[in-house]
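Visitor: The structure follows.
A short reminder: the numbers here are calculations on the coordinates, not readings from a lab. Worth saying up front: this structure is predicted, and the values here are computed from it rather than measured. For neighbour counting, all protein chains shown are included, and Cβ atoms are generated from backbone atoms with ideal geometry for every residue, glycine included.
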């Protein structure tokens, strides 16, 4: 089987030194990855600090990265833009605030190479304070709920039905055929958009592999990214919950969808924060009600997906002629 090629995509918003460090780490291991072709930075920031801007400009001018600027933050739109811009067989998305494992890129390519026909590979994600653990996992429940609690710090490789977008490689042709990421998951938070993408792939009969050898340590930077939207605990804004409700409406049905939404509605105020600050409970419940209403409005629309035609136009070559490996 011919060697697969790889494009790395970083979608970023209002990140400074941590973004520079992430890119530096990835460029250091790129020469050791057979098939690596490009690193694309899809930047939604209005402006950067001078040092960050200088680093990005220098890398771009040298051809080490492709630095694309977008006029406004839109996570799923930016993810799709990276998918359309990439010219490789595989597209690896990583967060802009990570420390990659030493063979992150090579292990993603190897997983696709060793298991032909995969639509996606999700790697191990270690959140602050976490370490790799040998965790057994048995999926239970309906299509909507299976793997939603999967422990991505696990060391056991397996097939999964959920992903984390901060360490996710996809077969470009298969992803475009599935419509890419649903841009109805709007800014600034877009929660559950990657889970909806994974469930949609599974419904199409596609396979997703969890590869713990492709590991990252997520730094969860305290500013920038989705944290630019502020805290969800004391807010009446619908933006924090709309994606989760919309995900349930798209991928669930009947009682399954209803129970998922009701559980989320009350879970959001059953927190230590609300126990200590009960006056925020009605504020948060108002936000959840608004989120349900907005999600229902989005559900009544068609999903905002990519088409094969616009993907081919952006890429400049026919995807339909490319093998699905």
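Visitor: Quick one: compute the contact order of the range 227-299, relative version, from alpha carbon pairs under 8 angstrom and 6+ residues apart, as a percent. Could you put the intermediate results ahead of the total?
Guide: Values: 66 pairs, mean separation 41.1, N = 73.
It rounds to 56 percent for the range 227-299.
Visitor: By average Cβ neighbour count within 10 Å, what is the ranking of 140-148, 298-306, 171-179, 13-21 from highest down?
Guide: On the way: 140-148: 15.6, 298-306: 14.0, 171-179: 22.1, 13-21: 19.9.
Going by the mean number of other Cβ atoms within 10 Å, highest first, we get 171-179, 13-21, 140-148, 298-306.
Visitor: Report, in whole Å, the centroid distance computed from the Cα atoms of the range 76-100 and the range 1-40.
Guide: 9
Visitor: Test of understanding: what is the full-extension gain from residue 87 to residue 307, defined as 0.36 nm times their sequence separation minus their Cα-Cα distance?
Guide: Working: separation 220, 0.36 × 220 = 79.20 nm, distance 1.64 nm.
Net length gain for the segment: 77.6 nm.
Visitor: If packing is taken as the mean number of other Cβ atoms within 10 Å per residue, what is the order of 212-221, 241-250, 123-132, highest first? Numbers along the way, then the final one.
Guide: Details: 212-221: 19.5, 241-250: 25.2, 123-132: 15.5.
Final packing ranking: 241-250, 212-221, 123-132.
Visitor: Which of the following values of semi-axes √(5λ) of the Cα gyration tensor in Å was calculated from the structure shown: [x] 37, 20, 17; [y] 31, 23, 20; [z] 64, 28, 18?
Guide: Matching entry in [x] 37, 20, 17; [y] 31, 23, 20; [z] 64, 28, 18: [y].
Visitor: At a Förster radius of 22 Å, what calculated FRET efficiency corresponds to the Cβ-Cβ distance of residue 297 and residue 204, to the nearest 0.05? Provide the component values of the computation, followed by the final result.
Guide: On the way: r = 26 Å, r/R0 = 1.18.
Working from the Cβ atoms, E equals 0.25.
Visitor: To the nearest 0.05, how large is the calculated FRET efficiency for residue 276 and residue 138 if R₀ is 45 Å and r is the Cβ-Cβ distance?
Guide: On the way: r = 36 Å, r/R0 = 0.79.
Once the sixth-power term is evaluated, E becomes 0.80.
Visitor: Still on this structure, I have one more. To check you understand DSSP bridge types, tell me what percent of the beta bridges within the range 34-184 (both residues inside) are antiparallel, rounded to 5. Mind showing how you got there, number by number?
Guide: Numbers: 8 of 13 bridges.
Around 60 percent of the beta bridges assigned by DSSP in the range 34-184 are antiparallel ones.
Visitor: Express the relative contact order of the chain as a whole percentage, based on alpha carbon pairs under 8 Å and six or more residues apart in sequence.
Guide: Numbers: 607 pairs, mean separation 66.5, N = 325.
Relative contact order, the chain: 20 percent.
Visitor: Moving on to the next point. Calculate the spin-label point distance for residue 60 paired with residue 46, positioning each point 7 Å from the Cα along the beta-carbon direction, and give it in nanometres.
Guide: So the label points at residue 46 and residue 60 sit 1.8 nm apart.
Visitor: Can you grab the distance from the C-alpha centre of the range 237-276 to the C-alpha centre of the range 159-215, Å, no decimals?
Guide: Answer, in whole Å: 20.
Visitor: Next question. Taking the highest mean first, how do the peptides 276-288, 90-102, 194-206 order by number of other beta carbon atoms within 10 angstrom per residue?
Guide: On the way: 276-288: 15.2, 90-102: 22.9, 194-206: 20.4.
Output ranking for 276-288, 90-102, 194-206: 90-102, 194-206, 276-288.
Visitor: Determine the gain in length on full extension of the stretch residue 264-residue 149; use 0.36 nm per residue of separation and subtract their C-alpha separation, reporting nm with one decimal. Let's see the in-between values first.
Guide: Details: separation 115, 0.36 × 115 = 41.40 nm, distance 1.40 nm.
That pair, residue 264 and residue 149, stretches by 40.0 nm at full extension.
Visitor: Quick one: of the DSSP bridges fully inside the chain, what percent are antiparallel, nearest 5?
Guide: Working: 14 of 38 bridges.
Taking every DSSP beta bridge with both residues in the chain, the antiparallel ones total about 35 percent.
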